[in-house]
Structure formats: structure tokens, C-alpha cells
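Below: the structure, in C-alpha cells.
Each value in this text was obtained by applying a stated rule to the coordinates, not by laboratory testing. If you're wondering where the values come from, they're calculated on a predicted model, not measured in any experiment. We place every Cβ from the backbone using ideal geometry, glycine too, and count neighbours over all the protein chains shown.
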Amino acid sequence: MSLLPSCSFLPPLKTWPDLSTSSHYADPALMGVLSASLSPYNNDLYLSNLAHIPCLALHGGSDSNVPPRHSRSHANIISSWQHDKSAVEVVEVKGKDHWWEGMMRHPRVDSFIKKVFEGAKRDWDEERLKGFTLTTACPDESGGRAGIRIAELETPGR
């Protein structure tokens with residue numbers, strides 16, 4: 001298993017100015033409801049699931065939709081879960097926007113895919129012995145890992 005995102009975005013409450021600014025004036029209980037309702041879109045929440053999975057983030061340096069700093073931030077968070085600063089490679093392609101012709105034929109994509117297919121495969125028992133984190137805010141929208149899947153949350157949205 002590996003991951004090859006073309007970009008990644010930070011959680012809405014951190015990037016949408018209207019939500020982050022208005023939270024200063026809102027009832028904390030209401031902000032809790034809003035935050036819980038947006039948790040399925042909180043990519044930071046799910047990043048722990050990517051620890052120890054090969055990741056290459058390819059991002060256009062002139063992306064007008066999702067700033068490149070979002071992919072760099074996510075790479076740092078995943079790397080911290082692995083205690084390895086080089087765990088995720090971020091390739092920022094200068095002058096390219098959100099999506100471009102030939103993006104998936106970028107030379108680094110090709111070498112990443114070859115490396116993943118040539119690398120050692122771990123079976124589920126090995127992964128379980130090594131240990132991993134599985135996090136979700138909405139089990140119906142999330143997959144599993146190493147044959148384990150979260151079927152239900154005790155407290156929805158948490």
C-alpha cells in the first residue's frame with residue numbers, strides 16, 4: 001500500500017477565514033457542534049493512519065486552489081508520527097497549477113511507483129505486530145488497515 005496525493009488541504013477551521021475569525025465571537029458550545037460536523041473533512045485527524053505507508057506528495061508550486069504549504073504541513077505531521085523527517089517526500093513542481101497535463105507521468109512519480117512495487121511487502125500479521133493507528137470521525141466513510149475496520153463510534157464525531 002502507498003499514497004500518491006496530488007495535493008492536500010488543511011482543515012476548514014484553519015483555512016476558511018470566515019470560520020476561523022467568527023469563532024472568536026461564537027458560543028464555545030456552538031463551535032463544538034460546528035467543529036464536530038466538520039470533522040470528516042479534517043485531514044489532520046486522519047494523518048496518523050498514513051504512518052509507515054510510503055507517501056509521495058506531488059504539488060504544483062503555483063497551485064491557485066490549494067497552497068503548497070498544505071502538503072508540506074501534512075508531510076511534517078505524518079513524519080512526526082513515524083519519528084522520521086524524511087518519511088514523506090514532497091515534490092513541488094515550479095510553475096504548475098492544481099492539476100496539469102502529464103502530472104502523473106512526472107519522473108518522480110514513476111520512480112516512486114517502481115520503488116513501492118519492488119519493496120518488501122508486509123502482511124497483516126506483521127503490520128499488527130509492528131503496531132499502527134487507525135483513526136476515523138465517520139466509520140462509513142473510512143476504510144480499514146491490516147484487516148481491522150472501525151464499525152461504530154461510541155461518541156459520533158469523536
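Summary table
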quantity: Cα shape, the stretch 40-116, gyration tensor, a/c 1.5 rule; calculated: oblate
quantity: Rounded if a/c under 1.5, otherwise prolate or oblate - the stretch 12-141, Cα gyration tensor axes; calculated: oblate
quantity: Karplus-derived 3J(HN,Hα), 6.51/-1.76/1.60, for each residue of the stretch 82-90, Hz, glycine and proline x; calculated: 8, 6, 8, 4, 9, 5, 10, 9, 10
quantity: Tensor-based shape of the stretch 99-158 (alpha-carbon gyration tensor, a/c under 1.5 rounded, otherwise prolate or oblate); calculated: oblate
quantity: Phi to ³J(HN,Hα) by Karplus 6.51 cos²θ - 1.76 cosθ + 1.60 over the stretch 101-118, Hz, x for Gly, Pro; calculated: 4, x, 3, 7, 9, 4, x, 5, 5, 4, 5, 5, 4, 4, 4, 5, 5, 8
quantity: Residue-span extension gain [residue 135 to residue 48] - 0.36 nm each, minus C-alpha spacing; calculated: 30.6 nm
quantity: Gain upon complete extension [residue 98, residue 83; 0.36 nm per residue less C-alpha separation]; calculated: 2.4 nm
quantity: Sorted peptide list for 135-146, 107-118, 46-57, criterion being average Cβ within 10 angstrom, highest first; calculated: 46-57, 135-146, 107-118
quantity: Anchor residue 130: lysines whose Cα lies under 19 Å away (excluding residues fewer than 8 positions away in-chain); calculated: 121
quantity: Mean separation of Cα contacts under 8 Å, 6 or more apart, over the residue count of the stretch 12-141: relative contact order %; calculated: 28
quantity: Eligible aspartates and glutamates near residue 96 by straight Cα distance, threshold 12 Å, same-chain separation 8 or greater; calculated: 63
